[in-house]
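The values are calculated or read from the model by the stated rules, or taken from the named source; none is laboratory data. Every value quoted in this text rests on a predicted model; they were computed, and no experiment measured them. Using ideal geometry, Cβ is built from the backbone for each residue, glycine included, and neighbour counts are taken over all protein chains shown. We work out accessible area using only protein heavy atoms, side chains counted, and drop any ligands, DNA or RNA first. Shrake-Rupley method; radii C 1.70, N 1.55, O 1.52, S 1.80 Å.
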Amino acid sequence: PEDTVTGSFASFISAARPEHLSQTVRQRSKRMILDSIGVGLLGSTTRGSPAIPSVLQELYSSVAVSSVYGKPGMKLSPTLAAFINGVATHSMDFDDTWHPATHPSGAVLPALLAASQMLPPNTKPSGLDFLLAFNVGLEVQGRLMHFSTEAHDIPKRFHPPSVVGTLGSAAATAKLLSLSPAQCCHALGIAASLAGAPMANAATQAKPLHVGNATRLGLEAALLAARGMEASPLILDDIPGCSGFSAFYSVYQPKPLPAPGQQHEFLLEKQDIAFKRFPAHLGMHWVVDAALSVRNLFINYAGSFSPSLIRSIMLKIPVSKYINRPFPSSEHQARHSFQFNACAALLDGQVGLGSFSDSSIQRQELRELLDKVVVEHPEDNVANFDKMYGEVALLLHTGDVLTGKCDTFYGHWRKPLSKESLLKKFRSNASHVLPEEKIEAIIRLVDNLENLSDSSQL
């Protein structure tokens with residue numbers, strides 16, 4: 001029924017039209033698409049990623065129509081291509097982040113890229129259709145996150161893209177396939193039964209699977225709904241004694257989604273996305289900018305950066321167990337360590353791709369800095385990407401104290417990357433896989449996505 005929360009979401013997915021997307025929403029979402037492709041291309045080069053496509057080709061007989069990041073000439077079935085590309089997008093934790101906390105693009109874009117190649121030539125979605133479906137997937141994720149106060153904080157139980165991302169992928173694909181409201185409703189219900197991954201696998205090689213599964217399983221849910229599979233028509237409603245989507249959150253207060261049009265404003269209109277400047281958990285960006293700030297003060301004070309002058313390093317960070325890692329031993333742990341990222345920034349004056357190599361992690365001088373770190377959790381520093389801050393204080397043997405603090409890093413939605421910075425990041429990431437002419441072609445395609453007659457060209 002349309003007067004239910006689930007029914008309102010299904011109606012919204014079905015009724016959304018390109019004219020409902022403002023110019024702001026279009027531009028912001030195209031930035032997300034470009035960044036996500038670049039991150040996925042770079043991610044396809046990481047350890048583990050190159051082996052996945054060949055293994056899946058051997059294990060599964062598939063209709064090979066969909067492309068794989070970083071593998072020219074290779075095609076897989078749509079769902080497997082979506083899975084691999086989703087894994088690649090999150091393999092370095094370099095993908096975009098929203099608030100409440102989730103990685104929205106990686107859970108949606110690979111499904112749409114795969115589905116656009118799957119459709120017959122005479123039914124290919126246009127670039128505008130593609131852009132609309134992408135934004136429907138973002139909107140569903142954002143609205144679901146806003147139903148829970150728990151979701152506003154850095155997660156403790158479920159990894160958000162494995163939950164809301166799966167339903168976002170289902171919604172986006174359902175829109176691209178022009179499913180009916182009833183089919184959209186069933187797609188959401190099926191996706192809910194395929195969603196969820198625990199936070200304990202953060203900082204491991206398994207974490208990127210969360211995003212790969214979200215985009216793949218959401219695509220599968222939409223395809224199953226298109227072929228007649230049914231699910232609960234109340235999956236998003238709060239039914240006492242019978243959990244639906246509320247199973248993922250201890251506090252869950254759903255509201256109907258307004259129909260697209262004058263009474264509805266896309267969440268992307270209200271709040272931009274955070275783009276990362278280096279490949280690590282979003283929380284690391286606060287402490288890195290704080291560390292770089294205090295490093296400059298130290299150089300002005302001492303003439304150069306001399307670790308021997310430092311007695312201790314105080315980090316003031318929010319309480320978040322899975323990113324409080326005093327001595328990380330792997331690249332994935334290092335990407336999720338306040339201590340490592342602060343010390344790497346102090347030692348090198350930057351954090352980048354090379355910061356997370358084994359040789360960088362195991363450096364003796366870095367280990368010596370980590371030994372000096374002390375952590376405090378001020379009450380006003382909450383585990384929330386909209387409210388947290390990072391503070392790094394150097395206590396010197398002279399008794400002097402130098403302090404750097406970051407409330408909003410460059411790339412946060414309150415301080416967005418410039419067009420030049422975003423393009424520089426994309427070109428750098430994509431250059432690990434593609435020649436310059438193809439990189440520039442992708443930039444032009446995304447920039448003119450509304451005018452593209454066949455989105456599968458992307």
Here's a check for you: in the stretch 241-271, which residue that is among the aliphatic types (A, V, I, L, M) and open to solvent by less than 30 Å² (accessible area, probe 1.4 Å) is farthest from H186 (Cα to Cα)? L268
Tell me, which residue of the stretch 297-320 that is open to solvent by 50 Å² or more (accessible area, probe 1.4 Å) and in contact (Cβ under 8 Å) with a residue 12 or more places away in the chain is nearest to G390 (Cα to Cα)? K316
Among S456, S428, which is the only one that is assigned to a helix (DSSP H, G or I) and outside the structural domain of P72 (by the TED database)? S456
Scan of the stretch 177-212 for residues that are outside any helix (DSSP H, G or I), under 16 Å from T102 (Cβ atoms) and in contact with a Ser or Thr (Cβ under 9 Å, 6 or more places away or on another chain), ordered by number: A195, G196, A197, P198
Tell me which of these M388 doesn't satisfy, since it passes every other one: (1) crowded, with 18+ Cβ neighbours inside 10 Å; (2) not in a loop (DSSP other than H, G, I, E, B). (2)
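Every residue, every condition in (1) modelled with pLDDT of 90 or more; (2) surrounded by fewer than 24 Cβ atoms within 10 Å (Cβ to Cβ); (3) of a type outside the set (S, T, N, Q), yes or no:
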site	(1), (2), (3)
G38	yes, no, yes
H90	yes, no, yes
A101	yes, yes, yes
S105	yes, no, no
Any residue in the stretch 389-407 that is farther than 20 Å from S306 by Cβ, in contact with a His (Cβ under 7 Å, 6 or more places away or on another chain) and not β-branched (V, I, T)? no
Confirm whether K419 is within 20 Å of the chain's Cα centre (by Cα), modelled with pLDDT of 95 or more and surrounded by fewer than 14 Cβ atoms within 10 Å (Cβ to Cβ). yes
Of the numbered conditions (1) without any contact (Cβ under 8 Å) to a residue 40 or more places away in the chain; (2) more than 26 Å from H281 (Cα to Cα), L458 fails exactly one; give the number of that condition. (1)
For the stretch 250-261, indicate whether the set of residues that are of a type in the set (F, W, Y), in a loop (DSSP other than H, G, I, E, B) and under 21 Å from the mean Cα position of the chain (by Cα) is non-empty. no
